[in-house]
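Read the structure below first, then the notes.
The values are calculated or read from the model by the stated rules, or taken from the named source; none is laboratory data. The shown structure was predicted, so the numbers you read here are calculated from the model rather than taken from an experiment. Backbone-built Cβ (ideal geometry, glycine too); neighbour counts: all protein chains shown.
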Amino acid sequence: MTAPNFLFPKLFRPRLFLMMVLPFLLNSCGYNQMVSKEEAVGGQWANVETAYQRRADLIPNLVSTVKGYAQFEQETLLGVVEARSKATGMQVNVDKLDEASIQKFQESQAALSGALSRLLVVVEKYPDLKANQNFLELQSQLEGTENRINVERRRFNEMVQDYNAYIRKFPNNLISGIFGFEKKGYFKADAGSEKAPKVEF
């Protein structure tokens, strides 16, 4: 014999009750915290990309300034332009911040760093260029941007570490598995790149 409906108001019917209680359960089990931490990682990745974009934006002016002095260094200049094009064309989906995606992004940026290094070595042959005011200003901006890149990468790794640790702890790992919170990849610096390149002329 079932109890009449008036003994169980609509509020306490199982489906409706679950819908009302579920948000509180998810909040207490760490779901909302996982969302916040994942959003923080995504926001910091945007800061990393912005710092790299700032460097890419400086390169056309740098190449233009050098080109006026280094008429016979076309191969070096072309290498910088091509590396910049590949680096700026490499985008990582913020929802797919895994090790493989970040490594591809890093490789394209490392290729640009290498091309820039070769360009700056060439500059040594041109004393007049090293004294050019526009070039000196670009040098200063480039050095500051390299420092900013390192700061943003370090912050990204810190946030990823916090997020990864949180979703792997028990009982959070149960909730993260159910709702698809996946481990994020770290930005692994190349050997020696933990220090900003010393840009001297």
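Restricted to the stretch 116-190, the set of helices (runs of 4 or more DSSP H) holding at least 2 residues that are acidic (D, E) and surrounded by fewer than 18 Cβ atoms within 10 Å (Cβ to Cβ) comprises 133-168. Specify which of the listed residues (N5, N27, N93) is surrounded by fewer than 12 Cβ atoms within 10 Å (Cβ to Cβ), more than 27 Å from L138 (Cβ to Cβ) and modelled with pLDDT of 90 or more. Selected residue: N93, the only one of N5, N27, N93 that is surrounded by fewer than 12 Cβ atoms within 10 Å (Cβ to Cβ), more than 27 Å from L138 (Cβ to Cβ) and modelled with pLDDT of 90 or more.
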